[in-house]
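Read the structure below first, then the notes.
The values are calculated or read from the model by the stated rules, or taken from the named source; none is laboratory data. Since the model is a prediction, treat every value here as computed from it, not as a measurement. Methodologically, a virtual Cβ is constructed for each residue, glycine included, from the backbone with ideal geometry; neighbour enumeration extends over all protein chains shown.
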2 protein chains.
Amino acid sequence: MQKHSCLLLRGFAYRHKVTGEGGRQIMSIHMKGDVVDLQNSLLRRSDHNVQALTNIDVAYIPVECVRELAFDRPNVSKAMWYETLVDASIFREWTLNVGRRHARERAAHLLCEFALRLEVAGLGAQLHYELPMTQEQLADALGMTPVHVNRTLKGLEAEGLIERTRRSVIIGDWKALATVGDFDPNYLHLEPELGTV
Amino acid sequence: MQKHSCLLLRGFAYRHKVTGEGGRQIMSIHMKGDVVDLQNSLLRRSDHNVQALTNIDVAYIPVECVRELAFDRPNVSKAMWYETLVDASIFREWTLNVGRRHARERAAHLLCEFALRLEVAGLGAQLHYELPMTQEQLADALGMTPVHVNRTLKGLEAEGLIERTRRSVIIGDWKALATVGDFDPNYLHLEPELGTV
DNA sequence: CGAAAACTTGATTCCGTTCAACACATGTGG
DNA sequence: CCACATGTGTTGAACGGAATCAAGTTTTCG
């Protein structure tokens, strides 16, 4: 078990798991403000891996401190639990995405999710942002091969839904992309709901 | 938002999401002892659906009570949070399963998970149990079509890994099935770890 | 500048879907 | 108790989306 949790101050990180055969599935992408290995810190055995996607700055927080906060301060406890719940909600959507949508829809969905999350984090505009992942990493997030990611993105571009240069993405027609990706932002639980949990 | 959480006393239930095109993905299966819609109760908007798989008995618990327990009693709080974390861990494994494993491995994995969970819940033996799902429901859990579930199960049977009659499953060779399914029970976090969270 | 990483493209293969028919159970009402 | 309807499981044939294999090209960076 880790001795520290780490709070992401700058850059991107991701969590992933690997099959016995070497297939990798990225479970989630994290950005500024996320406490990235909270879950591994609290469960005795870590069941997944955390890795940096770009250069990052992190603040290490000793696990004992996290626990103290988590259990002695009701408000902190609420906030942390709430994070866990939102996390789980995003996992569910990703499972749906990978399990029940075609490559084109999956990719569109992920691009929409990024757009919203980056904007909320103050790291880009909804319709024009830098995607901090290689196509190989996208493939691991989408449960497909890098080759097919390439073709799929090209396809979306050919349809006029997006434009892209190297890593930047411009969403030409948000509504159309969201439709293709069957994207409904509910699952991100972005609206403040402090009164709830 | 729901007014009640419900504790499953007998029978099986599942959580699922549906795409705009009608594809359904089952996110998790629940059995005796699980509090099934805790997450929907605590987040303001529910992002998934809960449904009974068999006849069930449930105990309804008013959400206010859940919250009171959750935030006034540190030990209850720990336990509930712990449940949420294990839940999320299982979601992650399912995402990996659906995203990065072939049909045969997926099916084998699910059969192994069931075996263990049913035994822990006191509802069957690890090597011989009743599967409370139709092949169509299995398909929705595995992200494949019912037809292919049928063929895949038949395949596992032909290989001598399992036997089956209608709904019951007999695992002929646990080790082999676990190998095929790339099954490592860590993610279920079955060992008691009360000292941890 | 040169090497490695990332991206692009084409040809081929294959796993899983789709479509369609049928078999077998289960259950219900006459 | 049978007739019939419905849900579930089984099987076959054809199709298609994505994987695989393999070769380029472009970008990045030491």
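Looking only at residues in the range A:165-187 that are modelled with pLDDT of 95 or more and part of a loop (DSSP other than H, G, I, E, B), which one is surrounded by the fewest Cβ atoms within 10 Å (Cβ to Cβ)?
Among them, the one singled out is A:184.
Looking at B:93, B:68, B:83 in this structure, which one is outside the structural domain of residue B:181 (by TED's automatic domain parsing) and either within 16 Å of DNA strand D (Cβ to nearest atom) or buried (at least 21 other Cβ atoms within 10 Å of the Cβ) (or both)?
Values: B:68 fails: either within 16 Å of DNA strand D (Cβ to nearest atom) or buried (at least 21 other Cβ atoms within 10 Å of the Cβ) (or both); B:83 fails: either within 16 Å of DNA strand D (Cβ to nearest atom) or buried (at least 21 other Cβ atoms within 10 Å of the Cβ) (or both).
When all the criteria are applied, what remains is B:93.
Report, ordered by the first and then the second residue, all pairs with beta carbons closer than 8 Å, sequence separation of six or more or different chains, a first member in the range B:149-177 that is among the polar types (S, T, N, Q), and a second member that is assigned to a strand (DSSP E or B).
Correct list of pairs: B:168/B:128; B:168/B:129; B:168/B:130.
Checking the condition under 21 Å from residue B:48 (Cβ atoms) and more than 11 Å from DNA strand C (Cβ to nearest atom), which residue from A:119, A:93 passes? Walk me through how you get there before you give the answer.
On the way: A:119 fails: under 21 Å from residue B:48 (Cβ atoms).
After ruling out the rest, the residue left standing is A:93.
Could you list, in sequence order, the residues of the range B:117-141 that are part of a helix (DSSP H, G or I) and either more than 16 Å from DNA strand D (Cβ to nearest atom) or more than 13 Å from chain A (Cβ to nearest Cβ) (or both)? Give the derivation first.
Taking the range B:117-141 first, the residues part of a helix (DSSP H, G or I) are B:117-120, B:135-141.
Across the range B:117-141, the qualifying residues are B:117, B:118, B:119, B:120, B:135, B:136, B:137.
Considering A:138, A:190, A:142, which residue is touching a residue at least 12 places away in the same chain (Cβ under 8 Å) and exposed (fewer than 15 other Cβ atoms within 10 Å of the Cβ)? Break it down stepwise before answering.
Numbers: A:138 fails: exposed (fewer than 15 other Cβ atoms within 10 Å of the Cβ); A:142 fails: exposed (fewer than 15 other Cβ atoms within 10 Å of the Cβ).
Result of the check over A:138, A:190, A:142: A:190.
Pick out the one residue from A:103, A:79 that is among the aliphatic types (A, V, I, L, M), over 17 Å from the mean Cα position of the chain (by Cα), within 16 Å of DNA strand C (Cβ to nearest atom) and more than 9 Å from chain B (Cβ to nearest Cβ). Before the answer, list the steps.
Working: A:79 fails: within 16 Å of DNA strand C (Cβ to nearest atom).
Testing whether each residue is among the aliphatic types (A, V, I, L, M), over 17 Å from the mean Cα position of the chain (by Cα), within 16 Å of DNA strand C (Cβ to nearest atom) and more than 9 Å from chain B (Cβ to nearest Cβ) leaves just A:103.
Can you tell me which residues in the range B:118-131 are touching a helix residue (DSSP H, G or I) at 6+ places or on another chain (Cβ under 9 Å) and surrounded by 16 or more Cβ atoms within 10 Å (Cβ to Cβ)?
B:123, B:124, B:129, B:131 - these are the residues of the range B:118-131 that are touching a helix residue (DSSP H, G or I) at 6+ places or on another chain (Cβ under 9 Å) and surrounded by 16 or more Cβ atoms within 10 Å (Cβ to Cβ).
Would you point out the residue of the range B:43-72, among those that are more than 11 Å from chain A (Cβ to nearest Cβ) and among the charged types (D, E, K, R), that is nearest to residue A:95 (Cα to Cα)?
B:57
Name every residue in the range A:8-64 that is of a type in the set (S, T, N, Q), buried (at least 21 other Cβ atoms within 10 Å of the Cβ) and out of contact with any helix residue (DSSP H, G or I) (no Cβ under 6 Å at 6 or more places or on another chain), in order of residue number.
If we filter the range A:8-64 for residues that are of a type in the set (S, T, N, Q), which is where we start, we get A:19, A:25, A:28, A:39-41, A:46, A:49, A:51, A:54-55.
Adding the requirement that they be buried (at least 21 other Cβ atoms within 10 Å of the Cβ) leaves A:25, A:39-41.
If the condition is that a residue be of a type in the set (S, T, N, Q), buried (at least 21 other Cβ atoms within 10 Å of the Cβ) and out of contact with any helix residue (DSSP H, G or I) (no Cβ under 6 Å at 6 or more places or on another chain), then A:40 is the only one that fits.
Among the residues of the range B:148-164, what is the count of those that are outside any helix (DSSP H, G or I) and more than 9 Å from DNA strand D (Cβ to nearest atom)?
Residues of the range B:148-164 outside any helix (DSSP H, G or I): B:159-164.
Right, trim to more than 9 Å from DNA strand D (Cβ to nearest atom) and you get B:159-163.
Selection size over the range B:148-164: 5.
Could you grab me the full set of residues in the range B:142-177 that are within 16 Å of DNA strand C (Cβ to nearest atom) and within 14 Å of another protein chain (Cβ to nearest Cβ)? Before the answer, list the steps.
From the range B:142-177, those within 16 Å of DNA strand C (Cβ to nearest atom) are B:142-159, B:161, B:163-169; that's our starting set.
Matches in the range B:142-177: B:142, B:143, B:144, B:145, B:146, B:148, B:149.
Can you tell me how many residues within the range A:122-141 are more than 12 Å from DNA strand C (Cβ to nearest atom) and farther than 17 Å from residue A:26 by Cβ? Explain how you work it out, then say what you get.
Taking the range A:122-141 and keeping what is more than 12 Å from DNA strand C (Cβ to nearest atom), we get A:122-129, A:141.
Narrowing the set further to residues that are farther than 17 Å from residue A:26 by Cβ leaves A:122-129.
Result for the range A:122-141: 8.
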